[in-house]
1. Only one of VAL192, VAL126 is touching a strand residue (DSSP E or B) at 6+ places or on another chain (Cβ under 8 Å) and in a loop (DSSP other than H, G, I, E, B); which?
2. Could you check region 472-496 and list, in sequence order, the residues that are without any contact (Cβ under 8 Å) to a residue 40 or more places away in the chain and among the charged types (D, E, K, R)?
3. With PRO262, PRO312 as the choices, which residue is touching a strand residue (DSSP E or B) at 6+ places or on another chain (Cβ under 9 Å) and without any contact (Cβ under 8 Å) to a residue 40 or more places away in the chain?
4. Return yes when GLY221 is assigned to a helix (DSSP H, G or I) and under 27 Å from PHE114 (Cβ atoms) and no when it is not.
5. Would you pick out the residues in region 105-126 that are in contact with a Lys or Arg (Cβ under 8 Å, 6 or more places away or on another chain) and free of Cβ contacts under 8 Å to residues at least 12 places away in the same chain?
6. If VAL397 satisfies every condition in (1) modelled with pLDDT of 95 or more; (2) more than 19 Å from LYS428 (Cβ to Cβ); (3) of a type in the set (A, V, I, L, M) but one, which is the exception?
7. If PRO228 meets every condition in (1) free of Cβ contacts under 8 Å to residues at least 60 places away in the same chain; (2) under 21 Å from MET20 (Cβ atoms); (3) surrounded by fewer than 24 Cβ atoms within 10 Å (Cβ to Cβ) apart from one, which number is that one?
8. Looking at SER327 and the list (1) of a type in the set (Gly, Ala, Ser); (2) open to solvent by 20 Å² or more (accessible area, probe 1.4 Å); (3) out of contact with any Asp or Glu (no Cβ under 8 Å at 6 or more places or on another chain), which single condition is not satisfied?
Amino acid sequence: MTRDFLDTLDRRILVFDGAMGTSVHACHLDLSDFRGLENCTEILCETRPDVVRAIHGRFLEVGCDIIETNSFGSNAIVLAEFGLEKEVRALNRKAAEIARDACGQYASSDKPRFVAGSVGPGTRLVSLRQTTFDALVDNYTEQIRGLMDGGIDVLLFETCQDILQAKAGIHAAERVFAEYGRRVPIMVQVTVETTGTMLVGSDMAAALTALDAYPQVQVIGLNCATGPQEMSEHVRFLGRACDRYLSIQPNAGLPQLVEGRPHYPLTPDELARWLRDFVREDGVNIVGGCCGTTPEHLAAVVEAVEGLKPRPRAASTPASVSSLFQSVPIRQDNSVLLVGERTNANGSKKFREMLAADDLDGMVELAKDQARHGSHLIDLCVAYVGRDERADMERFVTRCATEVPVPLMIDSTEPPVIEAALKLAGGKCIVNSINLEDGEQRCGEILDLCRTYGAAVVALTIDEEGMAKTSERKVQVARRLYEIATKRYGLRPGDILFDPLTFTICTGNVEDRALGLETLQAIRRIKQEMPESHILLGVSNISFGVKAPVRHVLNSVFLHYAFEVGLDAAIVHVAGIEPLYKIDEHLREVARKLIFNERADTQDPLIELINAFGDETQEKARKEAPPASVEERLKKRIIDGNRSGVEADLDTALAHHAPLEIINTILLPGMKVVGDLFGSGQMQLPFVLQSAETMKTTVAYLEPHMDRASDSDKGSIVLATVRGDVH
């Protein structure tokens, strides 16, 4: 029936059943029917199979296409609370057989009926470390075996409250499919609370990014927690962003307490109207009901969607990565994806010292600080001679996964270390990295982990001959890695970030002078040949060997030109990168000549750049003095995103200007400059956000000084945008 399910889904809208729990409570069964186990609905598959079969029948009678097995809590973790952990497989098999038997009585050639094996979230959240990923996989494995034994048509992970829990379920499903030599389609439905996020804090975009990494998940959707009205924003998002089949099963409204009992207020007609609109407007393929929905509700839904055809959706999910909380597109608008490099034991002395001192709090704070300074991702590397890398990575990722808001890059060459980290990190990570230095076996082990745990990967242009230094060699190695990753291991091109490697051009050796230019040429060629994939660089390698002021200039200028030829992501210390407009024009040109290997016989740009920062006196003199007038100082503060001491300048300005005049004639022109710099590519997004925060601070400070208009003078402002606008 597997192919029948997908074929039917292509032809028409399918309707799930309603709430099993609500239906059971409506039967007013004795506690003895539950074998004395209060609220253990799943035991009814053994003690009162007639009741379970009758409930299925009532939903099938009104025209539902799919019924869920009475197995929502039939996993070892939940059943152990009732002393039933040894009956997991038997109860799930029985639940599937009862549903299968009920469907057989109503199925016909023109209206087949399908059994969905219901797998609930359990009672312990892995992201909150109430259980482990491996324990959860084992927990789901036995449940799925029982459901497969009973003959389900589709496997449904529903009411998912933690994306890491859903990933464990998918992992368990693949294990069972391999054992049985057959598979069924997988559905995953997440639950978004009234807060707008999942229980552990994931927004809908973060959930979709993590699930999108699994092509075997053929249906993605929402169920439980709220009624359809509260779901509507998230349904619209899925309609435009998700290219899988969509399934929506809301509650019958938000529950109310009436005479001490839960009451769901949404009428059958109201539920049907919402679900019909989801089908018509958002391209939803499967509708149904969750808590509080009865056969009467589903009868109205069946009638409302009768004859409706699936609406084609021009949905696309951009290549993205995510933390437990938020999603980040790999390709940024007019900017590069900035990967914070300071939590890397190989490159950061400060981080290395914290690691050696077991200062986990300091390590985590350093990761959070990078996020605050504008890093879109954080690179985590704890490889340190003499220490247990796996144990260190587990401790660090355990904290970062729930305390750092941005996605993580797991930086290790050891598969056991990478796997341990991926079992702890919710969302979709990037693994750094693979290469072909030791041939294809080690590379394949890491790619297999990326596929299994839904991660993207950094691919270094290194093969058995060593690190590729010419653009031709870099492209050759990239082609080979692309073939291995996509053809053999099934990774999507968008989940590959090629690192064509850059090397220092600051050694003074003639043979090293063209290395930066070779990297730029390689970026352009890889981008042309493999346009769906991405390019990443460890930018600071270009300046290794010279003092920090020289490195800041050279790194910043190199990043600018790398972005111009196609760079998507950069591993950098964001606070050490300057927008191009802030770098002295002459120094900028000297750095450009060094990067493009434009060396005159009598003038070496490397020596000229180093001499420009010859001593502290020259460095201090190079820095621009603040403008004399307070007006120019405030404007410069907005452009530079500098809030420190702004109150004193505002007090001075208030002696000569009205607050609104300061905003309109001084601060807003500064923001216009910021917009122009961003539009021309001379200022990256993190610096734009710093300017916006400075503007916000100044306006908040000026607000108490403004005259208050009387109520009679107040008008109305209408702000509008088109539906689906990202803003």
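1. Only one candidate passes the filter, namely VAL192.
2. Of everything in region 472-496, those that are without any contact (Cβ under 8 Å) to a residue 40 or more places away in the chain and among the charged types (D, E, K, R) turn out to be GLU472, ARG473, GLU483, LYS487.
3. PRO262
4. Spelling it out, it is not the case that GLY221 is assigned to a helix (DSSP H, G or I) and under 27 Å from PHE114 (Cβ atoms).
5. The one that is in contact with a Lys or Arg (Cβ under 8 Å, 6 or more places away or on another chain) and free of Cβ contacts under 8 Å to residues at least 12 places away in the same chain: ALA107.
6. (2)
7. For PRO228, the exception is condition (3).
8. The one condition SER327 does not meet is (3).
The values are calculated or read from the model by the stated rules, or taken from the named source; none is laboratory data. Predicted model only: the values in this text are computed from it and were never measured. Because the Cβ atoms are built from the backbone with ideal geometry, glycine has one as well, and the counts that use them run over all protein chains shown. Each accessible area value is taken on the protein alone, full model and side chains, heavy atoms only, with ligands, DNA and RNA left out. Shrake-Rupley method; radii C 1.70, N 1.55, O 1.52, S 1.80 Å.
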